Amino acid sequence: MGLTIGVDIGGTKIAAGVVDEEGTIVNIFTVPTPATAEAIVDAIASAVEGAREGHEIEAVGIGAAGYVDDKRATVLFAPNIDWRHEPLKDKVEQRVGLPVVVENDANAAAWGEYRFGAGKGHEDVICITLGTGLGGGVIIGNKLRRGRFGVAAEFGHIRVVPDGLLCGCGSQGCWEQYASGRALVRYARQRAAATPENAVLLLSLGDGTTEGIEGKHVSEAARQGDPVAVDSFRELARWAGAGLADLASLFDPSAFIVGGGVSDEGDLVLDPIRKSFRRWLIGGAWRPHAQVLAAQLGGKAGLVGAADLARQG
């Protein structure tokens with residue numbers, strides 16, 4: 001199979017990219033993300049039509065946030081779109097006249113990294129995405145493992161603290177409440193409030209108040225050595241690395257790939273994640289250690305992965 005299209009549904013735009021067999025995006029077309037669920041289906045079709053112009057396309061892969069059924073056809077539940085048992089595959093196929101595969105967006109990104117990014121050469125890979133929340137994907141034996149019902153690898157909602165912080169999912173103590181972009185900002189605000197003398201730079205990058213601290217401010221301040229910002233990254237990394245150690249006990253991969261906006265800070269966050277992983281890995285003194293690698297494809301991983309999964313059929 002030759003060219004396929006991958007679709008990434010973002011909060012502000014929907015991107016459709018024509019992707020070749022080497023994972024290269026040869027054309028991309030974007031449309032604004034509409035406000036209503038039904039309009040989003042039309043927008044996906046419009047993006048696909050715009051991207052396919054001048055290209056012979058074989059199939060379409062769509063990365064959607066939420067639970068996707070085992071047939072890769074229906075979005076059972078989407079947290080940010082009013083989709084409940086939405087037959088997305090059928091609706092888009094009717095509009096574009098091409099075979100469509102629907103996949104969870106974190107699974108699609110994991111597959112993209114495994115095939116064309118940091119996971120190349122590995123057979124057993126676990127990907128986590130440290131963004132606003134925490135997502136993940138599992139590739140074992142060169143296959144994407146989705147579980148019996150298609151909703152595996154929701155790592156962000158593993159409970160790591162019984163009766164801990166309330167999560168948007170309705171549970172308490174979920175991993176993403178302690179290792180995510182939201183968690184990083186919370187750590188920074190709490191520490192800046194407690195010791196403002198150690199957050200002079202961090203506070204100056206915002207409006208001078210703890211409530212004005214945003215993720216971009218924490219990153220910039222940490223790069224310049226602000227004590228509170230650096231310590232906030234270390235706290236996030238402590239939780240992230242401990243979680244990876246637990247996942248190593250479950251899956252025993254050869255590599256963990258860390259993506260998402262938080263990971264854009266490179267070794268500032270990855271080095272302490274690796275340190276925490278080694279600290280909490282059971283039997284770490286006697287067993288091989290998985291590599292902890294930075295994702296390579298950035299924000300295009302989901303689009304590229306969805307296109308390749310469509311190629312796989």
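Every number in this text was worked out from the coordinates using simple rules, so none of it is lab data. Since we're looking at a predicted model, the values are computed, not measured. Here Cβ is always computed from backbone atoms with ideal geometry, including for glycine, and neighbour counts include all displayed protein chains.
Give the residue list of GluC sites (Glu not before Pro) in segment 35-75 that are DSSP loop and have at most 15 other beta-carbon atoms within 10 angstrom. Answer in residue order: GLU53, GLU56. Between the C-alpha center of segment 184-210 and that of segment 76-139 there is a gap of 35 Å. Think of the chain as a dipole: +1 on every Lys or Arg Cβ, -1 on every Asp or Glu Cβ, centred on the Cα centre; then among ALA35, LEU165, VAL68, LEU165 lies furthest on the positive end.
Which FRET efficiency, nearest 0.05, do ARG223 and PHE77 yield, Cβ-Cβ r, R0 45 Å? So, using R0 = 45 Å, E works out to roughly 0.75.
Each label point was placed 7 Å from the Cα along the Cα-to-Cβ direction; for LYS91 and HIS289 their separation is 4.7 nm. State whether segment 184-226 is rounded, prolate or oblate according to the following rule on the C-alpha gyration tensor (a ≥ b ≥ c being the square roots of its eigenvalues): a/c under 1.5 gives rounded; otherwise a/b larger than b/c gives prolate, and the remaining case gives oblate. It is rounded, given that a/c, with a ≥ b ≥ c, falls under 1.5. With all pairs of different C-alpha atoms in the average, the Kirkwood value for the hydrodynamic radius of the chain is 20.1 Å.
Projecting the Cα atoms of GLN94, ALA222, LEU244 onto the charge dipole of the chain, computed from C-beta unit charges around the Cα centre, puts LEU244 farthest toward the positive end. Note down the relative contact order for segment 121-294 as a percent, whole number, built from C-alpha pairs under 8 angstrom at least six residues apart. Rounded, it is 23 percent for segment 121-294. So what is Rg over Rh here for segment 8-67, counting just Cα atoms and using Kirkwood for Rh? For segment 8-67, the value is 0.97. If you filter segment 123-164 for trypsin sites (Lys or Arg not before Pro), then keep DSSP loop positions with at most 11 other Cβ within 10 Å, what is left? The qualifying sites are ARG148.
Rounded, prolate or oblate: which one fits segment 190-259, using the alpha carbon gyration tensor with axes a ≥ b ≥ c (rounded when a/c is under 1.5, else prolate when a/b beats b/c, else oblate)? Cα axes put segment 190-259 in the prolate bin.
Inter-label distance, ASP252 to ASP70: 2.6 nm, where each label sits 7 Å from its Cα along the C-beta direction.
Placing a pseudo-label 7 Å from each Cα along the Cα-to-Cβ vector at GLU56 and LEU98 gives an inter-label distance of 1.4 nm. Treating each Cα of segment 121-294 as one equal point scatterer and applying the Debye formula with no solvent, the log10 of I(q)/I(0) at q = 0.18, 0.20 Å⁻¹ comes out as -1.11, -1.29. Ranked by the mean number of other Cβ atoms within 10 Å of their residues, highest first, the peptides 297-308, 191-202 come out as 297-308, 191-202. In segment 199-307 the Cα-Cα distances spread across 10 Å bins starting at 0 as 14, 37, 30, 16, 3 percent of all pairs. Above 19 Å, the calculated P(r) of segment 22-110 contains 38 percent of its Cα-Cα pairs.
Pairs exceeding 20 Å between alpha-carbon atoms, taken from LYS13/LYS71; LYS71/LYS91; LYS120/LYS300: LYS13/LYS71.
Straight-line reach from LYS275: taking Cα to Cα under 20 Å and skipping same-chain neighbours fewer than 8 places apart, the aspartates and glutamates in range are GLU176, ASP231, GLU235, ASP246, ASP252, ASP264, GLU265, ASP267. For the chain, the dipole from Cβ point charges (+1 on Lys and Arg, -1 on Asp and Glu) about the Cα centre works out to 820 debye, to the nearest 20.
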